[in-house]
Amino acid sequence: MRSSSDASVIVNPFVPAVGWVAPFALMLLAIAVLPLAVPRFWESNARKLAVSALLGLPVLVLYARHDPSALAHTGHDYLSFIVLLGSLFVVSGGILVTGDLEATPRTNTAFLAVGSVLASLIGTTGASVLLVRPLLSTNQERRHVAHTVVFFIFVVSNTGGCLTPLGDPPLFLGYLRGVPFTWTLRLAPHWLLVNALLLAIYYVWDRRAHAREPVAAVARDRSVRQPIRVSGKRNLVLLLVLIASVAGLASPYREVVMVTVAALSMMATPRKVHEENRFTFHAIAEVAALFAGVFLTMLPALEILHARGASLGLPAQVAGVTHEVLAAISAGAVFMGANTYIGNGPNFMVRAIAEERGVRMPSFGGYMLYSGAVLIPCFVLVTLVFFG
């Protein structure tokens, strides 16, 4: 996919047949189905990379023959994407937040509210890594905790991340393809409405759950407290450098700064912080393997949309579509990731951390009962208010 400036100098751009959308559809289907159908097979990042290669190779050959410049541009976008996610992952993994507050509905709602802001500043993955463990420690004396983790996934791991390109991968892809960095601030009303609704629903839900807690559990929760402490504070400064580099630098200087910041974080972070955060590169390697296939296979779909958008009533204004259409795509890409455990990268990670701490989380279908009952009505309301 080319930028608008590239398109002005290309007389006869290559546009593949509609059938070349199939590898992209199969890639998305694989990401959705294989974790459930063959979970042991899907555990291996090498196998994920093999699936990406299998589906992406035909597209790679097609564009190598007919439009190598588009292939090179996509490769550049992929590299920028992985460098951003990787640097945010490394730096946020060097910050350890610990503590055990009284797990009242007000405290838990405050956790989610803070996370909804952090998600747009340091990404949904970064915010989830920072806050899920202190939230679980705060609630370890309570028995009814699963709903808190589910709403944490809703808000911190997904819907909070729509205000900046740092918040969620689809928004950063839009930024790489010409959407101005500050354009996503247009989504502030959408962000405010959906997160305010979710926080209000959660507060009422948790008040009822807290009222059902055994008296002994509530007494123990009040007696066992530890103040919130932050270790690895140098990484907070490095996070600010990352944000500034994304907003203010062009490629390749942006990527050079991000890689440098990630290296500095790895060297400066005490081993104890990484160990207590259980920091490994497995999660980011998984993202790199899967999105290699996503970037390759979506190239024909984007080229077709770019070439035929006008005939579909989509005049080129921002990144090839109108502001209204782009807002709908962006809001949907961020918000809808909360609908299942596999909708966004942090979702499964948060579930796994919660289960490690002894929280009995709902199954895949059980989670969707939550999302169907809570998220879908909220999203319908957002659609009617902003896109109706």
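The values are calculated or read from the model by the stated rules, or taken from the named source; none is laboratory data. For clarity, every value in this text was computed on a predicted model and none was experimentally measured. Heads up, the Cβs are rebuilt from the backbone with ideal geometry, glycines too, and the neighbour counts pull from every protein chain shown. Protein only, heavy atoms only, side chains kept; ligands, DNA and RNA dropped before computing areas. Shrake-Rupley method; radii C 1.70, N 1.55, O 1.52, S 1.80 Å.
Peptides 158-170, 104-116: what's the order by average Cβ count within 10 Å, highest mean first?
158-170, 104-116
On the first, second and third principal axes, largest extent first, how far apart are the outermost C-alpha atoms of region 1-158 in Å?
Its Cα atoms span 64, 39, 26 Å along the three principal axes.
Rg to Rh for region 198-292: what is it, with Cα atoms only and Rh by Kirkwood?
Ratio value, two decimals: 1.15.
Highest first, please rank the peptides 128-140, 262-274 by the mean number of other Cβ atoms sitting within 10 Å of their residues.
Final packing ranking: 128-140, 262-274.
By the gyration tensor of its Cα atoms, with a ≥ b ≥ c the square roots of the eigenvalues, what is the shape of region 141-264: rounded for a/c under 1.5, prolate for a/b over b/c, or oblate?
Cα axes put region 141-264 in the oblate bin.
Hey, with R₀ at 41 Å, roughly what FRET efficiency would Leu384 and Ala307 work out to, going by the Cβ-Cβ distance, to 0.05?
The calculated FRET efficiency here is 0.80.
Mind jotting down the three principal axis lengths of the chain based on Cα atoms? Whole angstrom, largest first.
74, 49, 41
Any idea what log10 I(q)/I(0) is at q = 0.17, 0.29, 0.35 Å⁻¹ for region 161-200, Debye with uniform C-alpha scatterers and no solvent?
Log-scaled intensity ratios, in q order: -0.43, -0.90, -1.10.
Can you show me the helix-derived [θ] at 222 nm for the chain, built from DSSP H runs with n ≥ 4 at -39,500 (n - 2.57) apiece and divided by the number of residues, rounded to the nearest 500.
My calculation for the chain gives -23000 deg cm²/dmol from helical runs alone.
How large is the charge dipole for the chain, taken about the Cα centre, if only the Cβ atoms of Lys, Arg (+1) and Asp, Glu (-1) carry charge, to the nearest 20 debye?
Value, rounded to 20: 860 debye.
Considering amide H positions built from the backbone, and no H for Pro or chain starts, which residues 5 or more places from Thr322, or on another chain, come under 5 Å of its amide H?
Gln317
Going by the alpha-carbon gyration tensor, a ≥ b ≥ c the square roots of its eigenvalues, is region 245-388 rounded (a/c under 1.5) or, if a/c is not under 1.5, prolate (a/b greater than b/c) versus oblate?
Oblate is the answer for region 245-388, as a/c is 1.5 or above yet b/c matches or exceeds a/b.
Report in % the part of the accessible area of the chain that belongs to carbon and sulfur, leaving out ligands and nucleic acids; probe 1.4 Å.
Details: 11940 of 17770 Å².
Roughly 67 percent, rounded to a whole number.
Note the full-extension length gain between Val224 and Met368 as 0.36 nm times their separation in residues minus their Cα-Cα distance, in nm to one decimal.
That works out to 48.5 nm of additional length.
Phe181 to Val38: FRET efficiency via 1/(1 + (r/R0)^6), r the Cβ-Cβ distance, R0 41 Å, to the nearest 0.05?
0.55
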